[in-house]
Each structure stands twice: as C-alpha cells, then as structure tokens.
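Visitor: This is the structure I have questions about; it appears just below.
The values are calculated or read from the model by the stated rules, or taken from the named source; none is laboratory data. Everything quoted here is computed from the prediction, not taken from an experiment. So basically every Cβ, Gly included, is an ideal-geometry build from the backbone, and we count neighbours across all protein chains shown. We work out accessible area using only protein heavy atoms, side chains counted, and drop any ligands, DNA or RNA first. Shrake-Rupley method; radii C 1.70, N 1.55, O 1.52, S 1.80 Å.
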Amino acid sequence: MSVDLILGLQWGDEGKGKIVDFLTNSYEIIARFQGGPNAGHTLEFDGIKHVLHTIPSGIFHSKVENLIGNGVVIDPVIFKKEIENLNKFKIDLYSKLLISNKAHIILPTHRILDASSEISKGKSKIGSTLRGIGPTYMDKTGRNGIRVGDIFEKNWEIKYDLLCKKHINIINSYKKKIEFNLNEMNKEFFKAIETLKQFKVVNSQFYLSNAQKSGKKILAEGAQGTLLDIDFGTYPYVTSSTTTAAGACTGLGIAPKDINEVYGIFKAYTTRVGSGPFPTEINGEDGELMAKAGNEFGSTTGRARRCGWLDLVALKYAIQINGVTQLIMMKGDVLSGFKKIKICTSYDSEKKLADEFPFNLSENEIKPKYIEFPGWEKDISDINSENELPKEFISYMNFIEEELETPIKIISVGPDRKQTIFR
Ligand code: GDP
Ligand code: IMO
Ligand code: MG
C-alpha cells in the first residue's frame with residue numbers, strides 16, 4: 001500500500017496546501033485528484049506566501065514529481081498564470097510537473113455559463129467561485145467535454161467550436177445577460193493552450209501504477225472539503241466533484257486496496273465561503289474576531305469566509321465517509337484570547353435528529369448543542385513542542401480526539417511550514 005490521501009473534512013480551506021507541503025519530504029509523488037482553480041492552496045516558508053490553484057502543493061520540493069490527475073479540471077488561462085508566477089522561483093517545472101491526458105479542460109464559455117447560472121438563481125445562488133467548475137464537470141459527465149489529450153489531435157478546434165456554440169446557445173437562453181468578448185477570450189485561451197502543451201502529458205494511471213511498482217510513495221492531495229462533496233455535502237450548496245476518499249480512486253485511477261493512511265484535516269473551528277447552511281455559524285463579535293485573527297478571506301476569490309464553532313456532528317460524518325486514520329488540526333492559534341470556546345456535540349431539531357448528520361441541513365430547524373471550554377490567553381504561534389501548549393488547549397484538543405475516536409497526529413499553530421507540531 002503506497003498511496004496516502006489528504007483531504008479536507010469541513011467546507012474547504014482547512015490548510016491542505018500547508019500540510020501537503022509539510023509532508024512532501026516523505027513522498028516521491030504528489031497527485032491532485034479533483035477540483036480545479038476553485039481551489040486556493042496556501043503555502044508559506046522563508047517569508048514568502050504562495051497560493052496554488054491547479055498545481056499540486058509539492059511543487060517547491062526539488063526531488064518530488066507533481067501530477068495533475070484525471071479528476072482535475074484545468075483552466076489553461078489560470079494554469080498559465082500559475083506557471084508564470086512560479087517561474088521566478090527557478091523550479092524545473094517541465095520535469096517536475098505532469099498532467100493527465102484525461103483531465104478535462106475548462107473553456108472560457110464554461111466560466112460564462114457558471115456566471116449566467118449564478119445570476120439567474122438570484123438569492124438562491126450557490127456562491128460559486130465563478131471558475132466554470134460546475135459546467136465543466138457537467139460536460140464531462142454529459143460526455144461532451146474536451147480533455148488534455150485532445151489538444152494534441154488534429155482538428156480538435158472543430159470540437160472546441162462545436163462545444164463553444166452549444167454553450168453560447170445556452171448562455172443566450174438566460175434572461176439576465178452577461179457581457180463578454182468571445183474573440184478576446186479565445187485568443188487568451190489558445191495562447192494558454194500552447195503553454196499547456198509544453199508540459200509532460202501522461203497516461204497518468206499507468207504512470208502511478210509503475211511508480212507504485214518501483215516502490216515510490218504517493219500522496220494524493222484533495223481540494224475543497226467533505227461538506228462540499230457532490231454526493232455527501234450540503235447539496236445543492238456544494239462543488240461538482242467527489243471531494244471524499246473515493247474521489248482519489250476515480251480521480252487518479254488508484255485501487256482502493258492501495259490506499260494506506262487517510263489524513264483528515266480540519267480547522268480548530270469552522271469556516272465556509274459561499275452560500276449554504278452552516279449550523280454553528282457565529283453571527284456576531286466572536287465570528288468577527290475569528291475572521292480577523294484567522295485572516296479568513298478566500299485564497300481564490302478574496303471573499304470573506306463565514307466563521308463558526310467546531311462542529312463534531314459534521315466531523316464525525318466526514319471521518320466516517322472518508323475512513324480517516326489520522327487527524328490534523330489547524331489554526332488552533334486563532335482561538336488564543338477567546339474567553340470561552342464552544343464545541344457543537346449534537347444537533348437538536350423538531351425531528352430529533354440527534355447526532356446524525358441530516359439530509360437537509362436547513363438553518364432554521366437545527367439548533368446546535370454546545371459544550372463550553374475555557375480559553376487560553378497565551379499566543380501559541382511560536383510553540384514547537386506539545387508540552388509547552390497551554391493546558392486549556394490540551395484539554396480542548398483531547399476532548400475532540402476522544403469524541404472523534406481518531407488520533408490527532410499533527411497540530412498547526414501558524415501559516416508557516418515551521419509552525420507545525422508532530423505528536
Ligand atoms: P486550503 O485550501 O485547505 O489549502 O487552505 P487555504 O490556503 O485556502 O486557507 C488556509 C489559510 O490559513 C491560509 O491563508 C494559510 O496560510 C493559513 N493557515 C494554515 N495553517 C494555519 C495555522 O495553523 N494558523 C494560522 N493562523 N493560519 C494558518
Ligand atoms: P480549497 O481547495 C472553500 C465553494 C464555493 C461555493 C461552492 C461551489 O481551497 O479548499 P464551485 O466554484 O466549486 O462551483 O463553488 O464551493 N468552494 C470552496 N470553498 N475552499 C475551496 O477550495 C472551494 N472550492 C469551492 O465557495 O460555495
Ligand atoms: Mg483554499
């Protein structure tokens with residue numbers, strides 16, 4: 001068993017980028033398995049902050065190969081910008097970055113479709129990142145999509161034009177119109193396609209299978225989080241891919257029997273960006289404090305993230321679906337200075353749903369039940385050993401660990417690579 005997974009257990013932005021980078025030394029390959037440029041994975045070291053959208057978070061380690069898997073959707077325009085940003089760091093991208101020939105491509109019109117759909121929904125909009133994610137996965141499952149392998153075929157532009165025309169018809173059918181310049185967008189797109197073509201495009205499931213046979217260790221990097229999963233998330237306020245452990249099998253072509261550790265990553269509280277139910281959301285001063293201390297603004301869109309207390313009902317559900325073997329707790333430092341810290345242990349509702357994650361997480365019906373913990377004053381962001389952590393922090397963490405019946409193996413106390421404690 002040579003593949004480990006790392007995935008978010010909440011509504012995304014748990015800190016996956018930081019931890020993948022931190023763990024990369026123990027692996028030979030980092031492979032992204034789903035999502036696209038809706039993701040924003042942040043890494044910090046040597047005083048520099050990097051945000052990656054499509055490129056796996058192992059890219060800064062010289063001996064590691066990074067694969068964009070078949071389950072990922074790639075926007076060539078955003079990909080080109082990411083490459084240009086990385087160029088100044090003198091990374092040998094052309095040998096270290098590989099792309100699956102089965103990954104689907106986001107067309108400029110997918111982005112317009114996303115925006116048109118969102119505007120037409122009015123108040124009930126998903127709050128998508130407007131990166132064209134939903135429409136691209138729809139074309140994938142509708143069997144109309146264009147894959148990276150296609151761009152090396154003769155006359156693939158004919159297929160592109162056909163799909164584009166189809167999109168324009170749909171866009172025109174929306175009452176609310178969005179202005180766009182297709183010629184300009186196409187120019188930018190085809191230029192970016194040339195950049196994409198310079199990379200190693202591989203039959204990725206064979207590449208991974210051969211790597212496994214030669215004893216290489218692989219870390220599969222998830223995007224988004226379990227509660228945004230297309231099947232198990234808070235539908236319809238979800239993304240359009242399988243963000244859970246099963247997504248690593250379909251998004252990379254690895255067999256379930258080859259999966260070893262499943263690292264589940266969560267914040268010591270909860271955040272959500274975009275619309276949708278959020279039972280433990282704090283509307284008030286504590287929420288604002290959390291947002292400020294945690295710098296809770298989206299890495300991709302810059303939108304303010306909604307903040308709330310830790311939700312054990314949701315976490316238990318996420319651990320169950322993913323078969324999490326080890327937990328990683330992030331951003332405990334953000335809670336320093338809170339007089340009281342709450343943890344939701346069950347939901348109270350008219351339907352007596354107790355501690356089961358419900359089918360419809362409608363805000364009005366569900367009342368979270370909390371346990372209160374005393375906070376700690378001390379700034380913990382410089383601490384690098386568990387023994388030095390305040391006793392209040394330890395009891396908060398021990399309670400979570402016991403309730404979740406899964407060990408917390410890593411504690412993160414700041415955005416930098418160094419602010420990480422192994423247990
Ligand atoms: P991802 O999408 O899961 O990779 O997470 P994001 O990068 O979108 O969001 C996590 C944010 O929290 C980033 O700005 C990180 O730099 C930051 N971060 C990660 N871990 C910690 C931590 O332990 N403490 C603090 N204060 N910030 C952290
Ligand atoms: P990372 O990988 C947080 C949210 C959007 C919206 C919903 C659907 O950085 O954790 P989409 O554009 O996917 O159709 O939007 O999902 N969303 C994320 N929220 N982190 C992400 O990625 C997200 N990717 C999508 O805000 O609510
Ligand atoms: Mg993010």
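Visitor: Output the residues belonging to segment 124-158 that are aliphatic (A, V, I, L, M) and either outside any helix (DSSP H, G or I) or open to solvent by 90 Å² or more (accessible area, probe 1.4 Å) (or both).
Guide: 126, 130, 138, 146, 158
Visitor: Checking the conditions here, which among 33, 60 is away from ligand 3 (no atom under 16 Å from the Cβ) and not charged (D, E, K, R)? Before the answer, list the steps.
Guide: Details: 33 fails: away from ligand 3 (no atom under 16 Å from the Cβ).
Within the list 33, 60, the selection yields 60.
Visitor: Sticking with this structure for a sec: Check 268, 245 and return the single one that is modelled with pLDDT of 95 or more, more than 11 Å from ligand 2 (Cβ to nearest atom) and under 29 Å from residue 100 (Cα atoms).
Guide: 245
Visitor: Within segment 18-36, restricting attention to residues that are small (Gly, Ala, Ser) and more than 13 Å from residue 66 (Cα to Cα), which residue is nearest to ligand 2 (Cβ to nearest atom)?
Guide: Checked segment 18-36; the qualifying residue nearest to ligand 2 (Cβ to nearest atom) is 35.
Visitor: Shifting gears a bit: Regarding segment 353-375, can at least one residue be identified that is under 20 Å from residue 16 (Cα atoms) and open to solvent by 30 Å² or more (accessible area, probe 1.4 Å)?
Guide: Kept after step one, since they are under 20 Å from residue 16 (Cα atoms), are these residues of segment 353-375: none.
Among the residues of segment 353-375, not one is under 20 Å from residue 16 (Cα atoms) and open to solvent by 30 Å² or more (accessible area, probe 1.4 Å), which makes the answer no.
Visitor: Taking the residues in segment 214-232 that are within 16 Å of ligand 3 (Cβ to nearest atom) and within 17 Å of residue 24 (Cβ to Cβ) as candidates, determine which candidate is surrounded by the most Cβ atoms within 10 Å (Cβ to Cβ). Before you say what the answer is, go through the steps one by one.
Guide: Taking segment 214-232 as the starting set, the residues that turn out to be within 16 Å of ligand 3 (Cβ to nearest atom) are 221-229.
Next, from what is left, pick out any that are within 17 Å of residue 24 (Cβ to Cβ): 221-223.
Details: 221: 30, 222: 34, 223: 30.
Ranking the candidates gives 222 first.
Visitor: Which condition breaks for residue 174 when tested against (1) exposed (fewer than 13 other Cβ atoms within 10 Å of the Cβ); (2) farther than 30 Å from residue 91 by Cα; (3) not small (Gly, Ala, Ser)?
Guide: Looking at each condition in turn, residue 174 falls short on (1).
Visitor: Oh, and also: Restricting attention to segment 106-123, does a residue exist that is in a loop (DSSP other than H, G, I, E, B), modelled with pLDDT of 95 or more and open to solvent by less than 10 Å² (accessible area, probe 1.4 Å)? Outline the logic, then answer.
Guide: Here is the first cut: in segment 106-123, the ones in a loop (DSSP other than H, G, I, E, B) are 106-107.
Then keep just the ones that are modelled with pLDDT of 95 or more; that gives 106-107.
Within this subset, residues satisfying the condition of being open to solvent by less than 10 Å² (accessible area, probe 1.4 Å) are 106-107.
Checked segment 106-123: at least one residue is in a loop (DSSP other than H, G, I, E, B), modelled with pLDDT of 95 or more and open to solvent by less than 10 Å² (accessible area, probe 1.4 Å).
Visitor: Among the residues in segment 88-98, are any closer than 19 Å to residue 177 by Cα and buried (at least 19 other Cβ atoms within 10 Å of the Cβ)?
Guide: no
Visitor: Still on this structure: If residue 260 satisfies all but one of (1) surrounded by fewer than 17 Cβ atoms within 10 Å (Cβ to Cβ); (2) part of a helix (DSSP H, G or I), what's the number of the condition it fails?
Guide: Against the list (1) surrounded by fewer than 17 Cβ atoms within 10 Å (Cβ to Cβ); (2) part of a helix (DSSP H, G or I), residue 260 comes up short only on (2).
Visitor: If I filter segment 233-246 for residues that are open to solvent by 10 Å² or more (accessible area, probe 1.4 Å), hydrophobic (A, V, I, L, M, F, W, C), under 20 Å from residue 52 (Cα atoms) and within 16 Å of ligand 3 (Cβ to nearest atom), do I get at least one hit?
Guide: Within segment 233-246, not a single residue is open to solvent by 10 Å² or more (accessible area, probe 1.4 Å), hydrophobic (A, V, I, L, M, F, W, C), under 20 Å from residue 52 (Cα atoms) and within 16 Å of ligand 3 (Cβ to nearest atom).
Visitor: Select from segment 10-56 the residues that are among the small types (Gly, Ala, Ser), away from ligand 1 (no atom under 11 Å from the Cβ) and buried (at least 24 other Cβ atoms within 10 Å of the Cβ) and list them in ascending order.
Guide: 31, 36
Visitor: Those residues that are part of a loop (DSSP other than H, G, I, E, B), within 16 Å of ligand 1 (Cβ to nearest atom), under 20 Å from residue 139 (Cβ atoms) and not β-branched (Val, Ile, Thr), I need them from segment 230-254; list them, please.
Guide: Listed by number, the list holds a single entry, 241.
Visitor: Could you grab me the full set of residues in segment 300-314 that are part of a loop (DSSP other than H, G, I, E, B) and open to solvent by less than 40 Å² (accessible area, probe 1.4 Å)?
Guide: Of everything in segment 300-314, those that are part of a loop (DSSP other than H, G, I, E, B) and open to solvent by less than 40 Å² (accessible area, probe 1.4 Å) turn out to be 300, 305, 309.
Visitor: Let me ask another. Can you tell me which residues in segment 280-294 are surrounded by fewer than 22 Cβ atoms within 10 Å (Cβ to Cβ) and either touching a residue at least 60 places away in the same chain (Cβ under 8 Å) or away from ligand 3 (no atom under 16 Å from the Cβ) (or both)? Quick ask: steps written out before the conclusion?
Guide: Within segment 280-294, the first condition is being surrounded by fewer than 22 Cβ atoms within 10 Å (Cβ to Cβ), and the residues that meet it are 281-289, 291-294.
Within segment 280-294, 281, 282, 283, 284, 285, 286, 287, 288, 289, 292, 293 meet the criteria.
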